[in-house]
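Worksheet: one structure, shown below.
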Amino acid sequence: MADNQILFEIKDLCKSFGDHLVLDHISTTIKQGEVVVIVGPSGSGKSTFLRSLNLLEEPTGGSITFEGLNITDPKCNINKYRQKIGMVFQHFNLFPHKTILQNMTLAPIKLLNKSKEEAERQAMELLRRVGLEEKANAYPSQLSGGQKQRIAIVRSLCMDPDVILFDEPTSALDPEMVGEVLNVMKDLAKQGMTMAVVTHEMGFAKEVGTRVMFIDEGQIKEENSPKEFFENPKNPRLREFLSKVL
Amino acid sequence: MDNFIAKFQLNFIDDSRWRYIADGLGTTFTVTFFAAILGVILGFLVALVRSTVDKGGSKSIVLKILDTICKVYLTVIRGTPAMIQLLIMYYVIFSSPDISKQFVAILSFGINSGAYVAEIFRSGIMSIDNGQFEAGRSLGFSYSQTMIHIIAPQAFKNVLPALANEFITLLKETSICGYIALTDITHGANTIRSQTYEPLLPLLAAALIYLVIVTVLSGLVGKLERKLRTDGR
Ligand SMILES: Nc1ncnc2c1ncn2[C@@H]1O[C@H](COP(=O)(O)OP(=O)(O)OP(=O)(O)O)[C@@H](O)[C@H]1O
Ligand SMILES: [Mg+2]
């Protein structure tokens, strides 16, 4: 895939729950290799926006194009595109009845028709990368929060996605475990993985983000390079927000 | 004591009357076993439809119609006595002297049990955190694949004790088989009573047999519950 290819093209994306408009005509693009960090006040629609990108939330208006295909078209088979869009959740959502290795190999075996050996070989390699190969046969309940989230990240990598969505991946972690998860994400970014990350970790936004997006009242009020975003914010709501979180 | 031995002889040994109860035991087991299988299959399908609609997993009109049928089924079956259902099945729906009574009983009790099993399965499915659905879907699994590989195994494990209790209830419920002249344990014991005019021993024997079976099954359920707890996953 060529560099700077557009992965997501979002046009006038709207989402309402009942008569509560949560996303209000959001338009933006996400390109190959970008790390887009999404920040904003609680309840502003960050999660809803992120979850719209793989249609976990069904948009009520506008369109999302992924790799040139309109995935908001009702005729589109979203299951196929979700294989290419990884997702990491705040609460990990590992499968408690399966071992770590089974968590990681289930989807590649069932959806990509990989052989068990091939899927396990790939999973073990990823486990080594995050230093958790000795946990291969453990169950999720035997892991710490930080370990669970690292597993969740490599589980999504097993599908070889073109982009990974992160919704507050470190918010449910004890402070001493935040670093180990952020480090895995940094490594991913270095290797060129396209990422969209909702987080409160402003340090991560500054250091790893290629673009920071401020969502407020369901709209993108400002998006810019991290340097401009933090040093020279223009939107008054953003300034107020930054004064609170920095 | 001599009196007791005489009565025992009269009720169980003479004319091989014990065989009424022994045959009845076989019928009770057969009816319970196959009705349980039918109930699980039926219950699973109904629970699948009901929870899919509840979770908004599909907007298809066919599913909505199926869901309505399921709701009617649950209401009717759980709102009427099993005995009436059995009598209607035998005298109204089949109303043919050639039909196997055991088959009618299995069908009737299976359909009855299915309604209770469905609600057990449904509560099991609904008790699984929605994050599990989302994790499955976000990996690219379809709704039904997520159900089969991720949700159902966890739900099944959670409801196993409740399911086992339902089978114990079902076993006792089959004691009304006699109303369609099918010889289960109860009807067998009652037949002896009508021949010997001695109610105490045959009925006591039947009660004892139920008690032993239920106690053994309950013990197994308890063991299962403890095992699931200590597995802790
Ligand atoms: N399923 C839902 N039904 C109804 N309202 C919802 C639903 N999901 C989200 N909302 C509402 O939409 C708004 C935006 O929610 P969202 O979760 O996107 O916010 P957020 O920016 O991620 O907030 P936070 O930082 O607290 O996670 C909130 O007001 C929320 O109450
Ligand atoms: Mg959120």
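The numbers here are math on the coordinates, done by the rules we state, and not lab data. Please read all numbers here as calculations on a predicted model, not as lab measurements. So basically every Cβ, Gly included, is an ideal-geometry build from the backbone, and we count neighbours across all protein chains shown.
If Lys and Arg each add +1 and Asp and Glu each add -1, what is the summed charge of the other residues whose beta carbon sits under 13 Å from the beta carbon of B:GLN85?
0
So which residue, out of A:LEU13, A:LEU56, A:LEU157, gets the largest mean-square fluctuation from a GNM of chain A using Cα contacts under 10 Å as springs?
Highest fluctuation of the listed residues: A:LEU56.
Assuming a strict under-25 Å limit between Cα atoms, what lysine pair count do you get for chain B once near-sequence pairs (fewer than 8 apart, same chain) are dropped?
10
For the charge dipole of the protein assembly as shown, defined by +1 on Lys and Arg C-beta atoms and -1 on Asp and Glu C-beta atoms about the Cα centroid, which residue among B:LEU182, A:SER27, B:PHE109 has the Cα displaced farthest towards the positive pole?
The one lying farthest along the dipole's positive direction is B:LEU182.
Taking K and R as +1 and D and E as -1, what net charge do the other residues with C-beta under 11 Å from the C-beta of B:GLN145 add up to?
That sum, taken over residues with Cβ under 11 Å, equals +2.
Report, as an integer, the average count of C-beta atoms from other chains found within 10 Å of each Cβ along A:107-119. Could the numbers behind the result be given before it?
Numbers: counts 8, 1, 0, 6, 5, 1, 0, 0, 0, 0, 0, 0, 0.
Partner-chain Cβ atoms within 10 Å, mean over residues of A:107-119: 2.
Considering every residue in A:68-80, what mean count of other chain Cβ atoms within 10 Å of its Cβ is obtained? Show your work: numbers first, answer last.
Working: counts 0, 0, 0, 0, 0, 0, 0, 0, 0, 1, 3, 8, 2.
Average per residue, whole number: 1.
Within a Cβ distance under 12 Å of B:ALA105, other residues only, what is the Lys/Arg minus Asp/Glu net charge?
The answer is -1.
Compare B:ASN165, B:ASN130, B:ASN190 in a GNM of chain B, Cα atoms joined below 10 Å, and give the one with the largest fluctuation.
B:ASN130
With the crude spin-label approximation of a point 7 Å out along Cα→Cβ, what separation in nm comes out for B:ARG78 versus B:ARG226?
3.2 nm
Roughly what % of DSSP beta bridges within the protein assembly as shown run antiparallel, to the nearest 5?
Numbers: 20 of 37 bridges.
Of those bridges, close to 55 percent are antiparallel.
Work out the length of the dipole vector of chain A about its Cα centre, built from +1 on the beta-carbon of each Lys and Arg and -1 on the beta-carbon of each Asp and Glu, and round it to the nearest 20 debye.
420 debye
How large is the charge dipole for the range B:20-231, taken about the Cα centre, if only the Cβ atoms of Lys, Arg (+1) and Asp, Glu (-1) carry charge, to the nearest 20 debye?
Using Cβ point charges on Lys, Arg, Asp and Glu, the range B:20-231 gives about 500 debye.
Give, rounded to the nearest 20 debye, the magnitude of the charge dipole that the protein assembly as shown has about its Cα centre when Lys and Arg contribute +1 at Cβ and Asp and Glu contribute -1 at Cβ.
380 debye
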